[in-house]
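The values are calculated or read from the model by the stated rules, or taken from the named source; none is laboratory data. None of the values given here were measured: they were computed from a predicted structure. As a convention, Cβ positions derive from the backbone with ideal geometry for all residues, glycine included, and neighbour counts pool all protein chains shown. Accessible surface areas use protein heavy atoms only, side chains included; no ligands, DNA or RNA. Shrake-Rupley method; radii C 1.70, N 1.55, O 1.52, S 1.80 Å.
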Amino acid sequence: MSGAQSKVRIALFGESDNGKSHFGAQLLERIEAEKCEIKLRVAAADVSAFDEVRRRIGAGLLAEHTPSGVYRDVIMPVVDAGGRAMDLTWPDYAGEQVRQLIDGRAMKQEWLDRTQAADGWILIVRPSLAKGDDDIFSKPLAHVVRVPEGEEKKPKRSIQARLVELLQMLLHARGLHARGPVPPLVVLLSCWDELHLPETAKPGDLLNQQLPLLASFVRSKWGARASVLGLSALGVELDKEQVNDAFIDRGPENSGFVVEADGCSKPDLTIPLVRLANMSGI
Ligand SMILES: Nc1nc2c(ncn2[C@@H]2O[C@H](COP(=O)(O)OP(=O)(O)OP(=O)(O)O)[C@@H](O)[C@H]2O)c(=O)[nH]1
Ligand SMILES: [Mg+2]
């Protein structure tokens, strides 16, 4: 590591409703409250992208979805426990953009640039949305044959099939730029608290069980350069209208956790970023 500060660009990929904005807001809370490994070197210039989400969470309420078309970056000038200075670029955007990218199989220039410039990729996946996900691969053939005439539906792709397609597009985009090895990947399994798993549950095992196609694709392409972690940005389920007083009393900066590969929960929400920075060798 050199003494000069590095710019660490994180490309965060996740469809709508996967917890990107609540994670970003909670990440800022942690960093500002200095309750994590990463500390601010100087105040971040503009964190307004997360103002509204932080306001809602601070009032014990769930925030709204990010309006379609929005894309904003927050730059956090930080230093980690080892004295490594980084300018973290953290995005917030409407997840429909990733959906369109997958469905349209086309990457706009700005997504191409972000993919190519990133030092690390985070794929955020909410396992509860993938539960019982039926698709062209899992539906028994007999069922397809028995559908009465006029009721045929185009089989939809499962979440994991879409995510594998997304990763393939990202790998292709990266290859176009020939910028050294593929960046390290953290697969972040979000809203971990809503899964009500035993305390010893490991994120890697959950990925294998619930999203086996995605798990084996990540293993085969990234090997040791990928890490699977659990995330609960809030620690609990909040509501859009019903204020959670216990959450306010505890404080957003003391809520939420990351689940490490061995199943241990840690309150430091910056662990995925530190892991990525370590793997990218910055
Ligand atoms: N139980 C639980 N639910 C969460 C947590 N974080 C987010 N959620 C839920 O996930 C939903 C989506 O979170 P967002 O952060 O808005 O998701 P997003 O990926 O930013 O979605 P778009 O803005 O539409 O792209 C929220 O409305 C909550 O219901 C958490 O830590 N625990
Ligand atoms: Mg959002």
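Laid out as a table, the results:
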item: Some residue of the stretch 131-147 being hydroxyl-bearing (Ser, Thr, Tyr) and at pLDDT below 90; result: yes
item: Among (1) of a type outside the set (Lys, Arg); (2) farther than 28 Å from Leu129 by Cα; (3) touching a strand residue (DSSP E or B) at 6+ places or on another chain (Cβ under 9 Å), the one test that Gly24 misses; result: (2)
item: Unique match (being modelled with pLDDT of 95 or more, over 15 Å from Leu123 (Cα atoms) and in contact with a Phe, Trp or Tyr (Cβ under 6 Å, 6 or more places away or on another chain)) among Ser232, Ser265; result: Ser265
item: Test: Val187 is within 16 Å of ligand 1 (Cβ to nearest atom), modelled with pLDDT of 95 or more and either within 15 Å of the chain's Cα centre (by Cα) or surrounded by fewer than 15 Cβ atoms within 10 Å (Cβ to Cβ) (or both); result: yes
item: Subset of the stretch 4-15 (residues that are of a type in the set (Ser, Thr, Tyr) and either modelled with pLDDT of 95 or more or closer than 12 Å to Pro91 by Cα (or both)); result: none
item: Leading residue by the ranking (least open to solvent (accessible area, probe 1.4 Å)) among those in the stretch 65-104 that are among the hydroxyl-bearing types (Ser, Thr, Tyr) and near ligand 2 (Cβ under 10 Å from one of its atoms); result: Tyr93
item: Residue match in the stretch 189-201 (condition: under 29 Å from Met86 (Cβ atoms) and among the aliphatic types (A, V, I, L, M)); result: yes
item: Residue in the stretch 63-84 that is closer than 22 Å to Pro267 by Cβ, in a loop (DSSP other than H, G, I, E, B) and modelled with pLDDT of 95 or more present; result: yes
item: Given (1) part of a helix (DSSP H, G or I); (2) under 26 Å from Ala33 (Cβ atoms), number of the condition Phe217 does not satisfy; result: (2)
item: Cross-chain or 6+ apart pairs with Cβ under 7 Å, the stretch 171-199 first and at positive phi, then within 16 Å of ligand 2 (Cβ to nearest atom) and modelled with pLDDT of 95 or more; result: Cys191/Gly19; Cys191/Arg126
item: Residue match in the stretch 11-25 (condition: assigned to a loop (DSSP other than H, G, I, E, B), open to solvent by less than 50 Å² (accessible area, probe 1.4 Å) and more than 15 Å from ligand 1 (Cβ to nearest atom)); result: no
item: Flag if Gly223 is away from ligand 2 (no atom under 16 Å from the Cβ), under 21 Å from Ile31 (Cβ atoms) and either open to solvent by 10 Å² or more (accessible area, probe 1.4 Å) or without any contact (Cβ under 8 Å) to a residue 12 or more places away in the chain (or both); result: no
item: Residues being within 12 Å of ligand 2 (Cβ to nearest atom) and surrounded by 18 or more Cβ atoms within 10 Å (Cβ to Cβ) - total across the stretch 39-61; result: 4
item: Yes/no for Ala33 being away from ligand 2 (no atom under 15 Å from the Cβ), open to solvent by less than 70 Å² (accessible area, probe 1.4 Å), farther than 27 Å from Met279 by Cα and out of contact with any strand residue (DSSP E or B) (no Cβ under 9 Å at 6 or more places or on another chain); result: no
